[in-house]
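For reference, the structure is listed below as structure tokens.
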Amino acid sequence: MSAESNFRDRVRSLGSISEDCVLAFCHLFQKRSLKKGIDFIREGETGTHIGFVVRGLLRSYYISPRGEELNKHFFLEGTFMPAFGKRSKTLWNKL
């Protein structure tokens, strides 16, 4: 199954949505690949994007006052992922 059809199927599963709305929603997204270790959003940036995990895993974390990386959430394949706010980072992490 292609990434695009996987994405459309996931959008359809959200509820009773017309095909026109599904297609219009899908056109709002741009395909973007992240390599392992690349941030989806960096610390200090304001999140303005939503991602969709086609393949792999994304880890959301923040840096504690001691400088430790503390996990906030893991986003699995087939899930939507917001770009969190100022203190969080979301990192591509392919297992």
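The values are calculated or read from the model by the stated rules, or taken from the named source; none is laboratory data. Every value quoted in this text rests on a predicted model; they were computed, and no experiment measured them. Positions of Cβ are backbone-derived with ideal geometry, glycine not excepted, and every protein chain shown enters the neighbour counts.
Quick look at the values:
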quantity: Within segment 1-56, tally of residues that are assigned to a loop (DSSP other than H, G, I, E, B), at pLDDT below 80 and surrounded by 10 or more Cβ atoms within 10 Å (Cβ to Cβ); calculated: 5
quantity: Those residues of segment 1-38 which are touching a Cys at 6+ places or on another chain (Cβ under 8 Å) and of a type in the set (Phe, Trp, Tyr), in sequence order; calculated: Phe7
quantity: Selection count, segment 57-81, where residues are of a type in the set (A, V, I, L, M, F, W, C), part of a loop (DSSP other than H, G, I, E, B) and surrounded by 13 or more Cβ atoms within 10 Å (Cβ to Cβ); calculated: 1
